[in-house]
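The values are calculated or read from the model by the stated rules, or taken from the named source; none is laboratory data. Just so it is clear, the model here is predicted, and its values are computed rather than measured. Positions of Cβ are generated from backbone atoms using ideal geometry, with glycine treated the same way; all protein chains shown enter the neighbour counts. Note: areas computed on protein heavy atoms with side chains; ligands, DNA, RNA excluded. Shrake-Rupley method; radii C 1.70, N 1.55, O 1.52, S 1.80 Å.
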Amino acid sequence: MTTIGSYQVKVLIESNIEEIAVISPATIDDLPRNWSCDWLNIWNGTAFYCENIVKIVYNNQVWGLVKYGLYPYFYPELAPPIFLEINNIEAHPTSQGDATARFIEPLGKWLIWYAIKVAFEFCPVTAVESFVYLEAYPERVPYYRDKVQMEYLGFSRSTPSGEDLYVFRFSRTAAAEFCQRHETRWGKPKLYE
C-alpha cells in the first residue's frame, strides 16, 4: 500500500554531468551503517503496512533515503489515509548541507517528489488542508522553507535528546506545484520495471 514502484530520474553529477538514478523501495541490505540516521533501527521500527523506506541509487550506490508514512492508519478497518508524513530523510554525507560542490544532486527533492506522489496515489481528496508533513532540525529549516518551498509552521517539539524540531507542510495544491516545478526543471521521471 505504500509504494508507487520504481522510477528513473535525472541527476547532476559534480554539478555538470547529467545522469540517470533510480528511486525505488529499499531493502534491509541497502541501509547504510555510517550515516547520521540509524537506518537499521528505523527499518526495525517501520510498520510497512502504512510506512515505507525508499532509496535513490546511482551507479549501484545508495545516495539518499526517505521514510514516510500514510496516516491515520485504521486497523482492521481499511479507511483511506488523509495525509503523508516524511518521518526521516537523509542524503549521503558527501551530498548534503550547504556544500557548493555536491557529488550528486538533487537527492532530497527527488525523495520528497516520490513521497508526494505516494500521497497523491493513496490519500483521497478531503477538506483537510495539510497533505504532506515534515519535521526538521533547526539547521535544515532554510532548505525546506527556501529551496523546497514548504510552508513553515513553526516549533513542533523537542526530541528525547533535547534537539528542537520544526514542522513544515504542503497543502495538496502546494504539493502539486512542487512536483510540477521539479519535473519542469529535471524532466518527468520514467517508470522503471
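Taking only segment 112-153 into account, find how many residues are small (Gly, Ala, Ser) and in contact (Cβ under 8 Å) with a residue 60 or more places away in the chain.
Adding up the residues that qualify gives 1.
Listed residues Lys67, Lys55; which is assigned to a strand (DSSP E or B), open to solvent by less than 40 Å² (accessible area, probe 1.4 Å), farther than 23 Å from Asp146 by Cα and basic (Lys, Arg)?
Lys55
Write out, first by first residue and then by second, each pair whose Cβ atoms fall under 9 Å of each other, whose residues are 6+ apart or on separate chains, and whose first residue, in segment 172-191, is closer than 18 Å to Ser6 by Cβ while the second is hydroxyl-bearing (Ser, Thr, Tyr) and open to solvent by less than 100 Å² (accessible area, probe 1.4 Å).
Pro189/Tyr7; Pro189/Tyr114; Lys190/Tyr7; Leu191/Ser6; Leu191/Tyr7
For segment 31-55, how many residues meet the condition of being within 30 Å of Ala79 (Cα to Cα), touching a residue at least 12 places away in the same chain (Cβ under 8 Å) and not acidic (Asp, Glu)?
Looking only at that region, the number is 13.
Residues that are at pLDDT 90 or above and surrounded by 18 or more Cβ atoms within 10 Å (Cβ to Cβ): list the strands (runs of 3 or more DSSP E) wholly contained in segment 118-188 that include at least 2 such residues.
So the answer is 130-136, 164-171.
Can you tell me which residue within segment 7-40, out of those that are part of a helix (DSSP H, G or I) and exposed (fewer than 13 other Cβ atoms within 10 Å of the Cβ), is farthest from the chain's Cα centre (by Cα)?
Asp29
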